[in-house]
Amino acid sequence: MSSQTNAYGALRAELREIGLMASINASLSYDEQVFQPKSDAAKNHRAGEMEFMAKLIHSRATSKKLGELIAAAEAEAKSADQHSDEAVIARNARRDYDRATKMPAELVAEMAKTEVLAQNAWATARKNKNYTEFKPWLAKWLDLKKQEVKCVGYKDHPYDALLDQYEPFETAAGVKKVFESLREPLVQLVQKVQSSGKKAPIEIMSRSYDVKAQEEFGRIAAAAIGFDFASGRLDVSVHPFCSGIAPGDTRMTTRYHEHHFNDAFFGVLHETGHAMYEQGLPKSDHVGTALGEAISLGIHESQSRMWENLVGRSRAFWKHFMPAARKAFPKALDGVTDDQWYAAANAITPSFIRVEADEATYNLHILIRFEMETALIAGELGVDDVPSAWNEKYKKYLGITPPDDAMGCLQDVHWSAGLMGYFPTYTLGNLYAAQFFEKAKKDLGDLDAKFAAGDFKPLLGWLRENIHRHGRRYTARELVKRVTGEDLSAKPLLSYLQRKASEVYGVN
Ligand code: ZN
């Protein structure tokens, strides 16, 4: 072995140990959310364990030793292709290391403390439908985030520094450009649907669906589209999520409610999309390195939204699953035609709550948050004006005015948890999903015929080949260009949503 491979090997060994600690923490977190008894003693002890692990991880991830290993690996990767394993691992280790070491320990500690207190204050304020109770905490978070921005640095807009954590290499200007090309056509589409006078029979979704049958049906669908249950689990938790804990161990959760078929079933498809991405990453060989990790939250979300919406709400998908659904839920689906079911699954209705929104209006909820966050961070919007700015935008984009702050600016946990810069990744996910799907259809021929026959393997194979196996080898923008030949664009999502609206509501 030459001295050249030594620096790379040494960096990988160090990253692997940090990766092992991170997966230990992920196991602890999953256990806490799914299996652990709810006693205060158990909860407090677990919080202590996880804080201890987080400290260990932070000290290893910011150590002088790691800095030296990265520098040595960078030096030997200099002449390598920029997309080679060596270059990708060194480059991403450098990014992560620089970001982590730029943050002073006191600021990190202050943020951890604020997270707990601000979330408690937010929960109370939301219960009381009273923004003023949360306002000082939003101001506090903005102050902390501005300090973070200063430490981390940015080129163009302070929001870039925050966005970059969730969507590496993306910028406020880049998001703004693509979101603005989406906004007007989408607002018009929703207005046309509203004035079409047609209503989708959404009440079908809130009939009585036996919970046991829902669980069974969800498992069948998850397995059919490609989730490997031998390397994963599906459990129940208060908030659905997916955790790619370790190689061969990907877990996801959902929640069941007798009168919310949508919530659990499409939630399972969503988490299965995330989980299949995790299962497709080359993790066994790459614990702790960039090649075993997802590119960005936006790309992660593109996988969940593709299976949940573009596949899971298609006619072809239900052509295959409708007979099984009729067997599983004979009473709820009694007298329901395939067309009615399709319309119910693809309804477009402006609503106040983001997490309950349909796939079209959902993006307007995100655009509003993005516009408000960038204005707050740039100092163009003050905390006093948050509810009024929020309500004005809902009126303008969705034609509705929230009756109170709980249904308005207090609905999401993100701002109380300091997650500013996170929201855009949801709509970026929808945009990437539509663009990838359009190309997959071109490459794979008649996907609808395959779905109708219950064959989802070609699409999953395409995603594995084009997206999953690369880890963080490419940036999100590079990947979309490489895979589709085009830059990120709002067109595929818009034409997909317009086609749906014309099928269900007869508008075009
Ligand atoms: Zn998701």
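Some notes on this structure:
- Within the shell of other residues whose beta carbon sits under 14 angstrom from the beta carbon of Ala75, the net charge comes to -1, with Lys and Arg scored +1 and Asp and Glu -1.
- In terms of other Cβ atoms within 10 Å, Trp141, Trp415, Trp318 run from fewest to most in the order Trp318, Trp141, Trp415.
- Stretch gain in nm, segment Asp31-Lys491, where the contour uses 0.36 nm per residue and the Cα spacing is subtracted: 161.4 nm
- Multiplying each eigenvalue of the alpha-carbon gyration tensor of the range 341-481 by 5 and taking the square root yields semi-axes of 35, 21, 11 Å, largest first, rounded to whole angstroms.
- Distance between the range 130-169 and the range 319-388 - C-alpha centres, whole angstrom: 27
- Integer Hz, Karplus 6.51/-1.76/1.60 couplings in order for the range 180-196, x for Gly and Pro: 5, 6, 8, 4, 4, x, 6, 4, 5, 4, 5, 5, 4, 4, 4, 8, 6
- If you plug the beta carbon distance of Lys43 and Asp143 into 1/(1 + (r/R0)^6) with R0 = 35 Å, you get a FRET efficiency near 0.75.
- When the C-alpha to C-alpha distance is required to be over 25 Å, the pairs from Lys327/Lys439; Lys102/Lys135; Lys155/Lys283; Lys283/Lys457 that qualify are Lys327/Lys439; Lys102/Lys135; Lys155/Lys283.
- Between the range 9-25 and the range 448-489, the Cα center-to-center distance that results, in Å: 28
- Radius of gyration (Cα atoms) of the range 197-318, expressed as a multiple of 2.2 N^0.38 Å: 1.13.
- Bridge type composition, the chain - antiparallel percent by DSSP, nearest 5: 45
- Ranked Asp404, Asp31, criterion: other C-beta atoms within 10 Å, fewest first: Asp31, Asp404
- Taking the longest Cα principal axis of the chain as reference, the axis of helix 261-280 is set at about 30 degrees.
- Of all aspartates and glutamates in the structure, those lying under 18 Å Cα to Cα from Lys481, and not within fewer than 8 positions of it along the same chain, are Glu167, Glu170, Glu301, Glu438, Asp443, Glu465.
- Proximity of backbone amide H atoms, modeled 1.01 Å from N, is registered between Gly232 and Thr250 at under 5 Å, excluding neighbours fewer than 5 places apart on the same chain.
- Its Cα gyration tensor gives the range 254-371 an equivalent ellipsoid; the semi-axes, largest first and in whole Å, are 30, 20, 12.
- Axis angle, to the nearest 10 degrees, between helix 64-77 and the longest C-alpha principal axis of the chain: 80 degrees.
- Glu216 versus Asp448: modelled label distance in nm, points set 7 Å from Cα along the beta carbon direction: 3.2
- Surface/4 of the Cα convex hull for the chain, nm²: 24.0
- Placing +1 on the Cβ of every Lys and Arg and -1 on the Cβ of every Asp and Glu, with nothing else charged, gives the range 398-508 a dipole about its Cα centre of roughly 620 debye.
- Set of the range 132-152 residues, backbone N closer than 14 Å to the point 7 Å along the Cα-Cβ line of Asp404: 132-133
- Extension reserve of the Ala10-Glu203 stretch, reckoned as 0.36 nm per residue once the Cα distance is removed: 63.6 nm
- Sequence-ordered 3J(HN,Hα) estimates for the range 327-333 from the Karplus curve with 6.51, -1.76 and 1.60 and θ = phi - 60° stand at 5, 6, 10, x, 6, 4, 9 Hz, glycine and proline given as x.
- Under 12 Å from a label point set 7 Å out along the Cα-to-Cβ vector of Lys135, the amide N atoms of the range 351-390 belong to 382-388.
- Extended-chain gain in nm, criterion 0.36 nm per residue less alpha-carbon gap, Val108 and Ala375: 93.7 nm
- Net charge dipole size for the chain [Lys, Arg +1 and Asp, Glu -1 on Cβ; Debye, nearest 20]: 500
- Cβ crowding within 10 Å, taken as a proxy for footprinting-reagent exposure, orders Ile366, Ile353 from fewest neighbours to most as Ile353, Ile366.
- With helices as the sole contributors, the chain gives -21000 deg cm²/dmol at 222 nm; each DSSP H run of n ≥ 4 counts as -39500 (n - 2.57), and the sum is divided by every residue.
Each value in this text was obtained by applying a stated rule to the coordinates, not by laboratory testing. The structure displayed is predicted, hence computed values, not measured ones. Please note: Cβ atoms are built from the backbone with ideal geometry, for glycine as well, and neighbour counts cover all protein chains shown.
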